[in-house]
Amino acid sequence: MEQLMIELNPQTTQPVVQVKNLAKAYGSNVVLRDVSLSVAEGSVTAMIGPSGAGKSTVLRCMNLLEQPDSGEIVIDGHCINAGKKTSPKSLAALRRSAGMVFQHFNLFPHMTVLRNVSLPQERVLGCSREQANEKSMELLKRMGLADKADQYPSRCSGGQQQRIAIARALALGPRVMLFDEPTSALDPEVGVEVLEVMKELASTGMTMVVVTHEMAFAENVADELVVMADGGIIEKGHPGQILKDPQHERTRRFLRAVLER
Amino acid sequence: MNNLVDVAIEYGPTLLGGLKVSLTLTILSLALGLPIGLLFSFGVTAKNKAFRYISVFFVEVGRGAPALVLLQLMYYGLPNANLTLSSMASACLALTWTTAAYSAELIRGGMQSVPSGEIEGSHALGMSYRDCLRFVVIPQGLRIALPSLMGFAVLLFQATSLAYSVAVPELMSQAYSIGSSTFQYLPVFIVAGLLYAAISIPATWLSVGAERLLSRHL
Ligand SMILES: Nc1ncnc2c1ncn2[C@@H]1O[C@H](COP(=O)(O)OP(=O)(O)OP(=O)(O)O)[C@@H](O)[C@H]1O
Ligand SMILES: [Mg+2]
């Protein structure tokens, strides 16, 4: 079967991210049941769904901020099996290949913007201070933040802080970027700056998984839309298709609620 | 009033000598106690049982027992266990214990108030647990704890006066011996009190200033 699909679609390469049969419960509260997902190289997957659906949990399991109960995660060839104990080395390798951007930025407030972006390069990649700073400045320029390098994050707007966080993650050269509601904590006007940066990133071929409530982004930028509810994926496919003609009643209800807001 | 000035002039050098001993005792106790306190701040929540039990024991006893009891224990008690220390050494040991115990709790409180999002952020970046402590948790935790640690240092400085009970020639015991040989207790203790205040009050201002300075970026 898999063989057949590869023949039918000659562009199919090994997916960058594969999540297989992921399950997770907090005590008796089952948060994820049997979630499987695969993200092709260079594609953008948008993930939507009601609050509590488990979107953040899927993302956080992908780089093991949360330990799944069962299932398998493969990112850029680094395979993590929930049943087996993960060695610190493969954990580090997994996290290096997946950059993560949080709703609340999670910058280090006691370091300048430049240090925020450079420190992980020095500690994780073993770069020298000069190498790291050079790369950081390049990324900050790309984010339109070169003049903020010597400021502290608290002196930057929310949109700027989120772009700093994106630069910090990109500096480690990840194969995939995971975004967990990157604009939800921002004013709509400021959120646009961040969405622009993400759009630009997508156009350069970065593989991205984006949990979002921004339907326009999901429709216009994403190649694949995943709808989650009650700990499972209820629908996935082409964004335009799903938004126009949702198959699942739960999806219809969610979209109605979002669009009527 | 004249009396006070006379006493200050005549016994000033002796009292200043005592003040120097008090300050030395404070600085030694802080220099030894704070690093141990940092260690205990991890110990009290450590997974390793031996480390945790030892830390909890020293922190709880150090905070639970009055400094005076610890002082007497080190000076009069330890010789029963065939360990005789000089008065300065035993006072230093006792106050180091007090410092370690109190600072462990203050530092732990500081580190706990570092937002968990930042810790997650560092993990998501692939930084090791050790790097996360070294670059994110400890610097910010100490920064948060610093004003209260400075406040504690002032209290410790005042608590060195208890060392007079184990014959350390610090400010209080100098004042006491001058008083008992001249019967000028009132002016001598006033001068000694002023000397304590001359250190404590500016140090308190300093800790308030430090608090402002350090909360600048937050
Ligand atoms: N640390 C935790 N302990 C216990 N329950 C948790 C924990 N984290 C998440 N949950 C629960 O898991 C479920 C899924 O949470 P998750 O954050 O993944 O949802 P979400 O789809 O991201 O929602 P939102 O849109 O509100 O961010 C929720 O019911 C939540 O209460
Ligand atoms: Mg969420």
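Just how large is the dipole of chain B about the Cα centre, in debye to the nearest 20, putting +1 at every Lys and Arg Cβ and -1 at every Asp and Glu Cβ? Spell out each step's value before the answer.
Numbers: 11 positive and 9 negative charges, 125 e Å.
Computed charge dipole of chain B: roughly 600 debye.
I'd like to know which of B:W205, B:Y176, B:A8 lies farthest towards the positive end of the charge dipole of the range B:2-214, counting +1 on Cβ of Lys and Arg and -1 on Cβ of Asp and Glu. Most positive-ward Cα: B:W205. Taking the charge dipole of the protein assembly as shown about its Cα centre, with +1 at Lys and Arg Cβ atoms and -1 at Asp and Glu Cβ atoms, the residue from A:L114, B:A101, A:I166 reaching farthest to the positive side is B:A101. Rolling a 1.4 Å probe across all protein chains gives A:D147 an accessible area of roughly 120 Å². Placing +1 on the Cβ of every Lys and Arg and -1 on the Cβ of every Asp and Glu, with nothing else charged, gives the range A:120-261 a dipole about its Cα centre of roughly 200 debye. If a spin label sat at a point 7 angstrom from the Cα of B:I27 along the line to its beta carbon, the backbone N atoms of the range B:174-209 nearer than 16 Å would be those of B:199-200, B:203.
Mean-square fluctuations from a GNM of chain A, with a 10 angstrom spring cutoff on Cα atoms, peak among A:N116, A:N133, A:N29 at A:N29.
Based on DSSP H runs of at least 4 residues, each adding -39500 (n - 2.57), what is the mean residue ellipticity at 222 nm of chain A after dividing by all its residues, to the nearest 500 deg cm²/dmol? Mind dumping the intermediate values first?
On the way: 10 runs with 99 residues, N = 261.
Helix-only estimate at 222 nm: -11000 deg cm²/dmol.
Note: relative contact order over the range B:2-214, using C-alpha pairs below 8 Å and six or more positions apart, is 29 percent.
On a 1.4 Å probe surface of the protein chains, which of A:T204, B:T204 comes out largest in accessible area, and what is the full order? Intermediate values should be presented prior to the final figure.
Details: A:T204 85, B:T204 65 Å².
Putting A:T204, B:T204 in descending order of accessible area: A:T204, B:T204.
With both partners inside the protein assembly as shown, how many of the DSSP beta bridges are antiparallel, as a percent to the nearest 5? Walk me through the numbers on the way to the answer.
Values: 21 of 38 bridges.
Counting only bridges with both partners in the protein assembly as shown, antiparallel ones make up about 55 percent.
List, in the order given, every pair from A:K24/A:K148; A:K148/A:K236; A:K84/B:K47; A:K85/A:K148; A:K24/B:K47; A:K84/A:K244 whose Cα-Cα distance in the structure shown is over 32 Å. Don't skip to the end; give the middle numbers.
Working: A:K24/A:K148 40 Å; A:K148/A:K236 40 Å; A:K84/B:K47 21 Å; A:K85/A:K148 42 Å; A:K24/B:K47 25 Å; A:K84/A:K244 42 Å.
Those over the limit are A:K24/A:K148; A:K148/A:K236; A:K85/A:K148; A:K84/A:K244.
What does the extension gain come out to for A:Q67 and A:Q241, with contour length at 0.36 nm per residue minus their alpha carbon separation?
Values: separation 174, 0.36 × 174 = 62.64 nm, distance 3.36 nm.
Fully extending the segment from A:Q67 to A:Q241 adds 59.3 nm.
Each label point was placed 7 Å from the Cα along the Cα-to-Cβ direction; for A:A146 and A:A25 their separation is 5.5 nm. Other residues with beta-carbon under 15 Å from the beta-carbon of A:R155 carry, at +1 per Lys or Arg and -1 per Asp or Glu, a net charge of +2.
Let me check I've understood the local charge: for A:V101, count other residues with C-beta under 13 angstrom from its C-beta, Lys and Arg +1, Asp and Glu -1. What total comes out? Computed value for this residue: 0. Relative to one another, the C-alpha centroids of the range A:180-223 and the range B:110-169 are positioned 39 Å apart.
Could you tell me whether the range B:1-117 comes out rounded, prolate or oblate from its Cα gyration tensor? Rule is a ≥ b ≥ c as square roots of the eigenvalues, rounded for a/c under 1.5, then prolate if a/b exceeds b/c, otherwise oblate. It is oblate, given that a/c is not under 1.5 and a/b is not larger than b/c. Sequentially through the range A:195-207, phi angles give Karplus couplings (6.51, -1.76, 1.60; θ = phi - 60°) of 4, 4, 4, 5, 5, 4, 4, 4, 5, 8, x, 5, 6 Hz, Gly and Pro residues having no value and appearing as x.
Between B:E211 and B:K20, the simple spin-label model (points 7 angstrom out along Cα→Cβ) gives 3.4 nm.
Against the main long axis of the alpha-carbon atoms of chain A, helix A:88-97 sits at an angle near 90°.
Annotation: extensible slack from B:L155 through B:A8 equals 50.5 nm (criterion: 0.36 nm per residue apart, minus Cα-Cα distance).
Compared with the dominant principal axis of the Cα atoms in chain A, helix A:129-142 is inclined by about 60°. Please label the shape of the range B:2-214 as rounded, prolate or oblate, based on the square roots a ≥ b ≥ c of the eigenvalues of the alpha-carbon gyration tensor (a/c under 1.5 means rounded; beyond that, a/b larger than b/c means prolate, else oblate). The shape class here is oblate.
Taking all protein chains as they are arranged and a probe of 1.4 Å, the heavy atoms of B:I27 leave approximately 110 Å² accessible to solvent. In this structure, the amide hydrogen of A:H110, modeled 1.01 Å from its nitrogen in the peptide plane, lies closer than 5 angstrom to no residue at least 5 positions away or on a different chain. Surface calculation, 1.4 Å probe, protein heavy atoms: A:S51 sits at approximately 120 Å² accessible.
The values are calculated or read from the model by the stated rules, or taken from the named source; none is laboratory data. Not measured: the values here are computed from a predicted model. As a convention, Cβ positions derive from the backbone with ideal geometry for all residues, glycine included, and neighbour counts pool all protein chains shown. Surface accessibility is based on the protein's heavy atoms, side chains included, excluding ligands, DNA and RNA. Shrake-Rupley method; radii C 1.70, N 1.55, O 1.52, S 1.80 Å.
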